[in-house]
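The values are calculated or read from the model by the stated rules, or taken from the named source; none is laboratory data. Note that the coordinates shown come from a computational prediction; the quantities given were computed from them, not determined experimentally. Because the Cβ atoms are built from the backbone with ideal geometry, glycine has one as well, and the counts that use them run over all protein chains shown. What goes into the accessible areas is simple: the full protein's heavy atoms, side chains included, and nothing from ligands, DNA or RNA. Shrake-Rupley method; radii C 1.70, N 1.55, O 1.52, S 1.80 Å.
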Amino acid sequence: MAEAKWVRIAARMEDIPFEQNSLCTIEVEGRKLCLGQHGGKCYAFAATCPHASALFSQGFIDATGNVVCPKHR
């Protein structure tokens, strides 16, 4: 298995363009990712829902830290 490759996306969390819902979509080396901020930490995951191709960044983070798809709710 290939070793993980780390890519710096920002020097500080404040430099990441999070929306009011604490989510954003970024592009890294030609690949779109969604970033979420919860509990003072930043998480990266797929940009789109695998079922409906909705952008996760248009959803929200619930009280338990789960990202909720804007189409499925």
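Close Cβ contacts (under 9 Å, 6 or more residues apart or on different chains) running from residues in the stretch 8-29 that are at negative phi to residues that are hydroxyl-bearing (Ser, Thr, Tyr) and exposed (fewer than 11 other Cβ atoms within 10 Å of the Cβ) are absent.
Of all residues in the stretch 30-44, those that are closer than 19 Å to Thr64 by Cβ and modelled with pLDDT of 95 or more have Cβ atoms under 9 Å from Cβ atoms of residues that are aromatic (Phe, Trp, Tyr) and open to solvent by 70 Å² or more (accessible area, probe 1.4 Å), 6 or more apart or on another chain, in Cys34/Tyr43; Leu35/Tyr43; Gly36/Tyr43; Gln37/Tyr43. Only one of the numbered conditions (1) in contact with a Lys or Arg (Cβ under 6 Å, 6 or more places away or on another chain); (2) free of Cβ contacts under 8 Å to residues at least 12 places away in the same chain; (3) of a type in the set (A, V, I, L, M, F, W, C) is violated by Ala47, and that is (2).
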